[in-house]
Amino acid sequence: MAEVRARILHEAEEREKAIAEKLPPGLERDEHWMLGERLSDAAWAIEEEFDLEWSPSGLWPVSEHTA
């Protein structure tokens, strides 16, 4: 279920950012882009909570004992 929620959030993120890219610079463009960023953050939080990442992000060192 968490995987589905994260995927839906990422899809919504991509839609919002696609809308933003088609708009001229300004408030409306920024609103769509920032909504996309918030959706991305929400998806990332779910992925972290349920350890859904398929590959290491590179943000944290991987010890030889866990790899």
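Structural remarks
- Solvent exposure of residue 37, expressed as accessible area, is near 60 Å², computed with a probe of 1.4 Å over the protein chains only.
- Shown are 46, 8, whose ranking by accessible area with a 1.4 Å probe and every protein chain present, most to least, is 8, 46.
The values are calculated or read from the model by the stated rules, or taken from the named source; none is laboratory data. As the structure is a computational prediction, the values presented were derived from the model and not from experiment. Calculation scope for accessible area: heavy atoms of the full protein, side chains included, ligands and nucleic acids excluded. Shrake-Rupley method; radii C 1.70, N 1.55, O 1.52, S 1.80 Å.
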